[in-house]
Structure formats: C-alpha cells, structure tokens
1. For the range 149-165, name all the residues that are acidic (D, E) and out of contact with any helix residue (DSSP H, G or I) (no Cβ under 8 Å at 6 or more places or on another chain).
2. What single numbered condition from (1) touching a Phe, Trp or Tyr at 6+ places or on another chain (Cβ under 9 Å); (2) assigned to a loop (DSSP other than H, G, I, E, B) fails to hold for K5?
3. Between S62, S78, S69, S121, which is hydroxyl-bearing (S, T, Y), loosely packed, with under 15 Cβ neighbours inside 10 Å and under 16 Å from V151 (Cα atoms)?
4. Given the criteria assigned to a loop (DSSP other than H, G, I, E, B), touching a helix residue (DSSP H, G or I) at 6+ places or on another chain (Cβ under 8 Å) and hydrophobic (A, V, I, L, M, F, W, C), does L28 qualify?
5. Hey, can you tell me all the residues within the range 122-176 that are outside any helix (DSSP H, G or I) and within 28 Å of the chain's Cα centre (by Cα)?
6. Would you mind telling me which numbered condition in (1) among the β-branched types (V, I, T); (2) out of contact with any Gly (no Cβ under 7 Å at 6 or more places or on another chain); (3) closer than 21 Å to N158 by Cβ I32 fails?
7. Pairs only if they're at least six apart or on different chains, beta carbon under 8 angstrom, first in the range 65-90 and in contact (Cβ under 8 Å) with a residue 24 or more places away in the chain, second loosely packed, with under 10 Cβ neighbours inside 10 Å and β-branched (V, I, T); list them, first residue then second.
8. Of these, L60, L75, L38, L55, which one is modelled with pLDDT of 95 or more, in contact with a Gly (Cβ under 9 Å, 6 or more places away or on another chain) and not small (G, A, S)?
Amino acid sequence: MQEPKPLLELLDDDAALLASLYAVAHDLHHVICATKSLVTLLQQPEPDETLVRSLWASALVSYVRCFSSGRRTRLETSIYIHLPGDPVGTHQYFKDTRDKHIAHPVNAFEDVRVGIAIGESGEAIGVGHLASLRICDSVEGVSQLGTLSSVAMQHVLNIIKPLEEAILDRAKSSPDQLTSLKQLCIQPQGGGDAARTPRAMHG
C-alpha cells in the first residue's frame, strides 16, 4: 500500500471558502455526536451530571457558532424552511438558551438564594443556600438539536462536494502549477497572545 503524499496548500478564494465550510462541518459533527451521547446518558437511571452539563454546553456553543458572524462562513436559518413545524423557532430557542443560559451567568435557568439556618430554640446557627440550575434539555429537546444539526450538515456537504470537484478539476488541468505550491502544514497556536488576538470579522 502506497503511503499518502503530503498535501499541497491552496491559497485561492475557493480554498478559503472550502476551509471555512470544513470548519463548520467539524462543529456540526461535534453537535451530532454530543447529542447522541446525551440521549444515551439521559436515559440512564442516574446520569453523570458533570458529563451531561459539559456535553450540552459544548453542543450548544458549537451549534450557534455555525450561525454566528466571524472569520468563517455563516449558515442562515433559511436552510430549515423546508422542515415541518417551527424549525426556525426551535433554532432560535437553542440560540437563546446558549446566549442566556450558557454564555452569561445570570439567566432564567439559574437561581441561587441564601438563607439562615435556625436551631430548635429559634436562634441562627448557620448560613445556607438553595440552588437551581438547569443543566440540560429533555431527551426530546436534545434530539431536536441533533436533528437540526444533521440537516445543517447535509446542507454544508451539498456545498462542499461540488466545490471539492471544481478545485480538483482545476488542479488536474494545470499540473505545472502544482510545482509552485508549498506543503500544507498547520502550526497550532496557543497561550495568552493567541487568546488575546481579536477575531477578523466578515459578513
């Protein structure tokens, strides 16, 4: 079996668009996998609360990223208009849940209140609190998020496939140009400097 040759980097507009679509597809793939795992977890008698909360939060964040403005292609809710029911309203519910429940600390799904513990003779003996935090939707809600993500994924793949074919056709028709391309590599970035770098916005 032949070892695969290294990729040669493309830097044209079509390649940039395709890279952007791949990034969206990666997020959608995570949401699909996370919601499947969540459905299985929620059907257990005593699901791991930390795991449920983590999967739900990351699924919502990854899903909404696909419809947000930034450095990559943004999906539009019009991809759902052919679905029955109120898919756009359901999408908005998940976006609102992410915006108001996951991204910000004060929201309708969270309530913490403080009280004084009273002893038998009525004296104050300590301070306590009650906390209410919604960590995840129901199985039905989780499944709906997975369904929307699957529809969005198919939409993205329908764009990716012909774009891949067009890029490959151009490369095959101009083999001489391949000699000028550099080997594709990615240098992962991290640390404080990368975290502080502002996003490059586009429409």
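The values are calculated or read from the model by the stated rules, or taken from the named source; none is laboratory data. Every value quoted in this text rests on a predicted model; they were computed, and no experiment measured them. Quick reminder, even Gly has a Cβ in these numbers, built from the backbone with ideal geometry, and neighbours come from all protein chains shown.
1. Listed by number, the list holds a single entry, E165.
2. (1)
3. Unique residue meeting the criteria: S78.
4. Working: assigned to a loop (DSSP other than H, G, I, E, B): no; touching a helix residue (DSSP H, G or I) at 6+ places or on another chain (Cβ under 8 Å): yes; hydrophobic (A, V, I, L, M, F, W, C): yes.
When the stated conditions are applied, L28 does not pass them.
5. A131, S132, L133, R134, I135, C136, D137, S138, listed by residue number.
6. If we test I32 against (1) among the β-branched types (V, I, T); (2) out of contact with any Gly (no Cβ under 7 Å at 6 or more places or on another chain); (3) closer than 21 Å to N158 by Cβ, just (2) comes out false.
7. P87/I81
8. Of L60, L75, L38, L55, the one residue that is modelled with pLDDT of 95 or more, in contact with a Gly (Cβ under 9 Å, 6 or more places away or on another chain) and not small (G, A, S) is L38.
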